[in-house]
Amino acid sequence: MNSRATDRATALLGGLAVAGAWAIYLPLGVKYAFYLGSGLLAGLMLWRARRLGSLLHWPPFVAPLLLWGLLLMSALWSSAPTADILSHLWHYGRVLVLPVIALALPPEAARRGLVHFVWASAVVALLTTLDRLHAVPLDLVLSTTASADGNQRIVTSLLLALGVALAVLQMVDSTQTRRQRLGWLAIGVVTAIGLSLQDRRTGMVALPLLLAALTVTRQRSWWRSSLMVGCVALLAVLAWQASSSVRGRFAEGLGELQAYRSTGVVDTSWGMRMRMVELTLGMVRDKPVLGHGIASWIGLWRERSKGGGELLERQTTPHNEYLLIACQVGLAGTALWLAMLATYLAQAWRAGRRGDASLLVWTAIAWTAMFSVTLRDAKFAMALLLLASLALAASRPPQAGRSAG
């Protein structure tokens, strides 16, 4: 690829990064288009520059490849239909596109994309606030953000929490002027207000954790980190006291747990999650080392969930990525899954200030995977993988970006 063509491709990939940051809040098909389109262009750039082979020596690519390889191998002992096996392989294979984008995308362009994501989060938070006040009668426009239902609403909650944390990250950047810092503070406050009014617990729980992770990485002295984490905890308590909607959602969940029984019909959100944990752990105990094989959970679930009620029986995932992987590929697969998370978190930690955004995103992924299938469910995966690709690219040193073409 000649110099002019390389410059055009790099500019196009940078443009896709910025537009993709806004697409994170758009319908699923749009996210797919930006993610796969960016991956295809990035792969072509690396191939023309004879750098595609370097992926095989890069831990952020090798770690998910090993996990995907074990899932592929487990098809040999899976009893799931071929269509389900292929579907799961596709869903878990999407992670492999992330490091391809991150290796080709210049860090400066990735950082611009992250800034645009923070702006997009503030816009969505503002729309959420107006929607709560019934001031925006645009349900079709807001169908994937403020007016979304189900998992999409949970994803929006998590993304808003990330938007707040990344706004704080911009605010504490020493290269920013005082006016810019005040601007980022205002954006963070607007986004936090929208999050608190969004009525989902995921982002509310994730935000203090993300802020705590940010304080630890910014203050690597243990006593300073402890002090800052204590301050974050205090702010979380104050926010808890100030927001009746936050308290109400958690009181609802705790009430569901107290009313839960291990047998019989269950139709509450947290009650069903408890039943899923119990039954899936039973599946893991049956085949603890290599599991039941890829895509096996749904068949086992249909057998074991009978008598729990129609709402419970028609669930298609255990709402926990750790349990889903353990069921499919046992402790061996769980070890590879944990190794993948550790690889991305360690990569971010070693990058220092450049890696703060990646540390936040992967902390969010690791945390949310305890309550959702963040890789298997496209609504979670496509938004988080788009954002993670920007954050990973931003963590690379500038000279790496200049040599990518």
* Here is a list of conditions, (1) surrounded by fewer than 24 Cβ atoms within 10 Å (Cβ to Cβ); (2) touching a Phe, Trp or Tyr at 6+ places or on another chain (Cβ under 9 Å); (3) within 30 Å of G293 (Cβ to Cβ), and F371 meets all of them except one; can you say which number that is? -> (2)
* Collect the residues in segment 11-53 that are without any contact (Cβ under 8 Å) to a residue 60 or more places away in the chain and among the charged types (D, E, K, R), keeping them in residue-number order. => R48, R50
* To do: Among the candidates T128, T215, T191, single out the residue that is modelled with pLDDT of 90 or more and out of contact with any Phe, Trp or Tyr (no Cβ under 9 Å at 6 or more places or on another chain).
  => T191
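Looking at this structure, is V115 at pLDDT 95 or above, at negative phi, among the aliphatic types (A, V, I, L, M) and surrounded by 15 or more Cβ atoms within 10 Å (Cβ to Cβ)? Show your work before the answer.
Numbers: at pLDDT 95 or above: yes; at negative phi: yes; among the aliphatic types (A, V, I, L, M): yes; surrounded by 15 or more Cβ atoms within 10 Å (Cβ to Cβ): yes.
Answer is yes for this residue.
Residues that are in contact with a Lys or Arg (Cβ under 8 Å, 6 or more places away or on another chain): list the helices (runs of 4 or more DSSP H) wholly contained in segment 302-405 that include at least 3 such residues.
Values: elements: 310-313, 321-350, 356-368, 378-394, 398-403.
Result: 321-350, 378-394.
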* Mind checking which residues of segment 159-173 are in contact with a Phe, Trp or Tyr (Cβ under 9 Å, 6 or more places away or on another chain) and in a helix (DSSP H, G or I)? -> L159, L162, G163, L166, A167, V168, L169, Q170, M171
* Between a first residue in segment 288-300 that is in contact (Cβ under 8 Å) with a residue 60 or more places away in the chain and a second residue that is acidic (D, E), which pairs have beta carbons less than 9 Å apart while being 6 or more apart in sequence or on different chains? -> H292/D286; I294/D84; A295/D84; S296/D84; I298/D84; G299/D84
* Asked: How many residues, within segment 345-364, are aliphatic (A, V, I, L, M) and surrounded by fewer than 23 Cβ atoms within 10 Å (Cβ to Cβ)?
  -> 3
* Asked: Considering segment 15-42 alone, what residues qualify as being surrounded by 20 or more Cβ atoms within 10 Å (Cβ to Cβ) and assigned to a helix (DSSP H, G or I)?
  -> L16, A17, G20, A21, A23, K31, F34, Y35, S38, G39, A42
* Asked: On the given criteria, is T6 surrounded by fewer than 20 Cβ atoms within 10 Å (Cβ to Cβ), at pLDDT 95 or above and among the hydroxyl-bearing types (S, T, Y)?
  -> no
* **Candidate set: segment 290-344, residues that are out of contact with any Pro (no Cβ under 8 Å at 6 or more places or on another chain) and aromatic (F, W, Y); chosen: the one surrounded by the most Cβ atoms within 10 Å (Cβ to Cβ)** => W337
* To do: For segment 98-118, name all the residues that are under 18 Å from the mean Cα position of the chain (by Cα) and more than 18 Å from W362 (Cβ to Cβ).
  => V115, H116
* Structure fact -> Of the residues in segment 64-107, those that are aliphatic (A, V, I, L, M), farther than 21 Å from M45 by Cα and in contact with a helix residue (DSSP H, G or I) (Cβ under 8 Å, 6 or more places away or on another chain) come to L66, L67, L70, L71, L72, A75, A80, I85, L89
* under 21 Å from the mean Cα position of the chain (by Cα) and at pLDDT 95 or above, is that true of L89? -> yes
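What number of residues in segment 7-59 are of a type in the set (S, T, Y) and within 22 Å of the chain's Cα centre (by Cα)? Don't jump to the end; show me each part of the working.
Kept after step one, since they are of a type in the set (S, T, Y), are these residues of segment 7-59: 10, 25, 32, 35, 38, 54.
Retained after the next criterion (residues that are within 22 Å of the chain's Cα centre (by Cα)): 25, 32, 35, 38.
Within segment 7-59, residues that are of a type in the set (S, T, Y) and within 22 Å of the chain's Cα centre (by Cα) number 4.
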* To do: Report, by residue number, each residue of segment 48-82 that is at pLDDT below 95, surrounded by fewer than 14 Cβ atoms within 10 Å (Cβ to Cβ), of a type outside the set (S, T, Y) and in a helix (DSSP H, G or I).
  => G53, L56, H57
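The values are calculated or read from the model by the stated rules, or taken from the named source; none is laboratory data. Quick caveat: nothing in here was measured; it's all calculated off a predicted structure. Glycine gets a Cβ as well: all are built from the backbone with ideal geometry, and neighbour counts include every protein chain shown.
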